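**Q** Right, I'll just put the structure down here and ask away after.
Where a number appears in this text, it was derived from the coordinates with a stated rule and is not lab data. Small disclaimer: the values here were computed from a predicted structure and weren't measured. Reconstructed Cβ throughout: ideal geometry from the backbone, glycine too, with neighbour counts over all protein chains shown.
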Amino acid sequence: MLDVKIHNLSLKNPVLTASGTFGYGEEFADFIDLSRLGGIIVKGTTGSHREGNAYPRMAETPSGMLNAVGLQNAGVDVFCQKTYPRICDIDTNIIVNVSGSSIEEYCETAAKIDALDKIPAIELNISCPNVKKGGMGFGTDPKMAAQVVGEVRKVYHKTLIVKLTPNVTSIADIAKAVEEAGADSVSLINTMLGMAVDVERRRPVLSTITGGLSGPAVKPVAVRMVWQVAKAVKIPVIGLGGIASANDALEFLMAGATAVQIGTANFLDPTVTVKVVDGLQDYLNRHNIKDIHDIIGMI
Amino acid sequence: MKKHIADFVIAEKKTIGSSYFTLLLKSPEALPEILPGQFVEVEVPDNKEVFLRRPISIHDVDYAANTITLLVQVVGKGTRTLSQLAEGRTLNLVYPLGNGFAIDGQKPLLVGGGAGIAPLLYTAKKYSEKGIRPAILLGGRTAELIPVKEEFRPYGEMFFATEDGSLGEKGLVTQHPAFGQSYDSILTCGPTPMMKAVARHALQNGIRCQVSLENTMACGVGACLCCVTKTDHGHRCVCKDGPVFDVKDMTEWAES
């Protein structure tokens, strides 16, 4: 049995896709049966259209990559009117990642998504490192994190997941603050702030100078933080950061994650998500484990 | 068009001059329809420093033999590693990606520069299938840096421009007498300054013009939004909305 629950949200298996790495799911429909996923967390959505940062937005790094996309998206109204009707009947949980520059923007966007019948949850992104205003600023201070989550909680009535940044001294303190403010779950980690220099041109690779590091390079940090947060809160934890195989996912589950997200690995192998689902089932079979819950948080 | 992920075998590798090579890749299965100007995302084996796939233009397609040819310039660690792989090795491709060139016009001009010549061979063949012989203008700093020449000859009238004068006219492709002739469609791929000059000429003279861009990419399918270019309608993904763009949507880009 691979099914798990994140508050009221039932997942057929614990494998979700990470926001910003899987588009709206449609981009991967040629490669895999999307209904085999536990859920799809779609691209970060803001109150209005955003152009994002200038190119170049990406730098390849050892076992990973930096990105500085900067929340490019068409805005929540276009999502509700155009994107939602196209994707809402995919037979899996479609979860919307909600971002913003102000508490008002987070609340307005969350309220509009709340009205969409077939979106059972949002992931509140208080951890984007690539926007000038808001974003990670809300996620690095326990008081501000609690404030934005508390306000969104008033207008959003379904499962509220809060995505945390690793760019803090104590991620457990942030997790506890958002739990107290009404979060139903926390997901971690967003990207780690990094930087790369083009030595031939003698300037930063990214137009924004700094960007967010993802991929296998961050995995040990992510596993450690999931373990710390799982010990500190009672709400379910969703783990992400460098997962590219079932074994990677198992590390997060054993460290305390109830579900996982696969991000950057989708760029290397567009079929990786279903391979992880199959690999988890194989692991349970091989070890004669009936229920995935028997290994969740065992460490 | 349905995208695929599949293993190909390197059936033949040829070195061209000091910086180019071709890979003839054979699929064990029938190829899907591939449009001229589309590209593949190649997994680069054997090099731990290469994390992402590499986007590479499709140079030629042989449906009877189930082969794709890639023409590659060694520019960094990914392409260098690909250049060192032996025949018989397996390469994993995600393909065919992007929108491709529209094969239109009765009197077309193809303008290629350096590695940007790669997608134009299959494009010229597609014109040939329609009974149209395009003018083909290829340029490079030197004759050696124009990797493919004679292969084009059956499909159109050839012109060359080199900055050192070692082949054809001395100078840039946009200074070549053939460039100023009358055409009803221009298709171009090459260095960005060259494509911008071609695009400005086309815009000034009201000629339909398609440019094929090459930005660094991660996913190749429009999911990560890393490879965007500025267009007159905002940022668009080179991988999914391109790599081919009509210059009527790229007027700011052409002037920048």
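**Q** Residues to consider are B:A254, B:A202, B:A178; find the one that is touching a residue at least 12 places away in the same chain (Cβ under 8 Å), out of contact with any helix residue (DSSP H, G or I) (no Cβ under 8 Å at 6 or more places or on another chain) and surrounded by 17 or more Cβ atoms within 10 Å (Cβ to Cβ). Full working, then the answer.
**A** Values: B:A254 fails: out of contact with any helix residue (DSSP H, G or I) (no Cβ under 8 Å at 6 or more places or on another chain); B:A202 fails: out of contact with any helix residue (DSSP H, G or I) (no Cβ under 8 Å at 6 or more places or on another chain).
Of B:A254, B:A202, B:A178, the one residue that is touching a residue at least 12 places away in the same chain (Cβ under 8 Å), out of contact with any helix residue (DSSP H, G or I) (no Cβ under 8 Å at 6 or more places or on another chain) and surrounded by 17 or more Cβ atoms within 10 Å (Cβ to Cβ) is B:A178.
Listed here are the residues, each with its yes/no results for (1) over 25 Å from A:I292 (Cα atoms); (2) touching a residue at least 24 places away in the same chain (Cβ under 8 Å).
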site: A:I174; (1), (2): yes, yes
site: A:A183; (1), (2): no, yes
site: A:R201; (1), (2): yes, no
site: A:L213; (1), (2): yes, yes
site: A:P220; (1), (2): no, no
site: A:V226; (1), (2): no, yes
site: A:A230; (1), (2): no, yes
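**Q** Need the failing condition index for B:K26 against (1) farther than 22 Å from B:E129 by Cβ; (2) buried (at least 20 other Cβ atoms within 10 Å of the Cβ); (3) more than 14 Å from chain A (Cβ to nearest Cβ), just the number.
**A** With respect to (1) farther than 22 Å from B:E129 by Cβ; (2) buried (at least 20 other Cβ atoms within 10 Å of the Cβ); (3) more than 14 Å from chain A (Cβ to nearest Cβ), B:K26 is out only on (2).
**Q** Could you say whether any residue in segment A:95-103 is small (G, A, S), within 14 Å of chain B (Cβ to nearest Cβ) and within 19 Å of the chain's Cα centre (by Cα)?
**A** yes
**Q** Given the options B:M158, B:M194, name the one that is touching a residue at least 12 places away in the same chain (Cβ under 8 Å) and either part of a loop (DSSP other than H, G, I, E, B) or farther than 30 Å from B:E41 by Cβ (or both).
**A** On the way: B:M194 fails: either part of a loop (DSSP other than H, G, I, E, B) or farther than 30 Å from B:E41 by Cβ (or both).
Step by step, each of B:M158, B:M194 is checked, and only B:M158 is touching a residue at least 12 places away in the same chain (Cβ under 8 Å) and either part of a loop (DSSP other than H, G, I, E, B) or farther than 30 Å from B:E41 by Cβ (or both).
**Q** Continuing with this model, one more query. Hey, among B:K107, B:K77, B:K48, which residue is among the charged types (D, E, K, R), away from every other protein chain (no Cβ under 14 Å) and surrounded by fewer than 22 Cβ atoms within 10 Å (Cβ to Cβ)?
**A** Step by step, each of B:K107, B:K77, B:K48 is checked, and only B:K107 is among the charged types (D, E, K, R), away from every other protein chain (no Cβ under 14 Å) and surrounded by fewer than 22 Cβ atoms within 10 Å (Cβ to Cβ).
**Q** May I ask you to say which residue of A:V42, A:V69, A:V15, A:V76 is in contact (Cβ under 8 Å) with a residue 12 or more places away in the chain, within 9 Å of chain B (Cβ to nearest Cβ) and crowded, with 22+ Cβ neighbours inside 10 Å?
**A** The unique qualifying residue is A:V69.
**Q** Among the residues of segment B:208-221, is there at least one that is among the polar types (S, T, N, Q), away from chain A (no Cβ under 11 Å) and either part of a strand (DSSP E or B) or crowded, with 24+ Cβ neighbours inside 10 Å (or both)?
**A** Checking segment B:208-221: at least one residue is among the polar types (S, T, N, Q), away from chain A (no Cβ under 11 Å) and either part of a strand (DSSP E or B) or crowded, with 24+ Cβ neighbours inside 10 Å (or both).
**Q** Hey, A:T83 hits all of (1) of a type outside the set (F, W, Y); (2) over 22 Å from B:K3 (Cβ atoms); (3) not in a loop (DSSP other than H, G, I, E, B) but one; which does it fall short on?
**A** Against the list (1) of a type outside the set (F, W, Y); (2) over 22 Å from B:K3 (Cβ atoms); (3) not in a loop (DSSP other than H, G, I, E, B), A:T83 comes up short only on (2).
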